[in-house]
Amino acid sequence: MADPLVLDFVEWIAREPRLYSEVIATWRTSCPRLTIWEDAVDGGYVSRETIAGFGLIVTVTENGQSCCASTAASAEPGSIRRDAKRPPLTSPARLR
């Protein structure tokens with residue numbers, strides 16, 4: 001199971017593909033112990049893809065989707081996830 005901050009990061013990207021610059025600006029940290037981006041990439045939860053006209057996009061991988069789904073499935077009964085009704089996007093097709 002992923003670290004809770006990494007899971008938050010993956011869930012945020014799962015809502016919609018993000019520009020790499022937005023990801024880095026939003027999740028930047030000066031603390032060497034908070035390696036959220038690196039942990040998500042190393043865990044295979046997110047990937048980068050270049051799209052002509054848009055630049056570098058960050059998307060959730062199948063592994064990242066599985067991680068989000070398994071966390072949602074193990075949530076306490078009665079708990080409400082803020083993105084429970086929104087399926088994760090796997091492709092930045094809407095950006096093309």
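Quick notes
- Members of segment 42-60 that are in contact with a Ser or Thr (Cβ under 6 Å, 6 or more places away or on another chain) and aliphatic (A, V, I, L, M): L56
- When segment 20-51 is filtered for residues that are among the β-branched types (V, I, T), exposed (fewer than 13 other Cβ atoms within 10 Å of the Cβ) and touching a Leu at 6+ places or on another chain (Cβ under 7 Å), only T50 remains.
- Scanning segment 50-65 for residues that are within 13 Å of E11 (Cβ to Cβ) and small (G, A, S) gives a single hit, G64.
- Residue list for segment 11-26, filter: in a helix (DSSP H, G or I) and in contact with a strand residue (DSSP E or B) (Cβ under 6 Å, 6 or more places away or on another chain): I13, A14, Y20, V23
- Tally, over segment 14-59, of residues that are of a type in the set (A, V, I, L, M) and more than 16 Å from P4 (Cα to Cα): 9
- Scope segment 27-67; condition of a type in the set (S, T, N, Q) and either part of a strand (DSSP E or B) or within 17 Å of the chain's Cα centre (by Cα) (or both); matching residues: T29, T35, S47, T50, T59, T61, N63, Q65, S66
No lab work stands behind these numbers, since they all come straight from the coordinates. Note that the structure is predicted; figures quoted are calculated from it, not measured. All Cβ positions, even for glycine, are placed from backbone atoms using ideal geometry, and neighbour counts span all protein chains on display.
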